Amino acid sequence: MKIAFAVFLAIHGEVVDASGSEMTRSETVTLFNDLCLLAPASLLSKSITWESLDEPRVRGSFTNAGNTVRAELSFDAAGDLVCFPYQLAFVLFRR
């Protein structure tokens, strides 16, 4: 899925027009976050692989349009997601 973003203001016209590989890479992080929080059934997709780290944590790797992002997710005793680190320093991009 290629990502594009545009913002228009009635008075000023086009303010932002972003697209291409940089936009796709950055939005892949947002998309993975949204899938984890808003659409958990989508986490069974073939574009996501999982690695068990310890009892409450797993590492997910999500690939979109040739970009792979990784995040460590933590769960509580009931199995609810309690932590999705969103620090870019820990997100790895691979083309």
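Things to note:
- Filtered by the rule that a residue be assigned to a strand (DSSP E or B) and more than 15 Å from THR30 (Cα to Cα), the stretch 58-79 gives VAL58, ARG59, SER74, PHE75.
- Residue ID - surrounded by the most Cβ atoms within 10 Å (Cβ to Cβ), chosen from residues in the stretch 58-76 that are at pLDDT 90 or above and among the small types (Gly, Ala, Ser): GLY60
- Residue that is surrounded by the fewest Cβ atoms within 10 Å (Cβ to Cβ) [pool: residues in the stretch 18-57 that are among the β-branched types (Val, Ile, Thr) and in a helix (DSSP H, G or I)]: THR30
The values are calculated or read from the model by the stated rules, or taken from the named source; none is laboratory data. This one's a predicted model, so the numbers in the text were calculated from it and none came from an experiment. Virtual Cβ from ideal backbone geometry, glycine too; neighbours counted across all protein chains shown.
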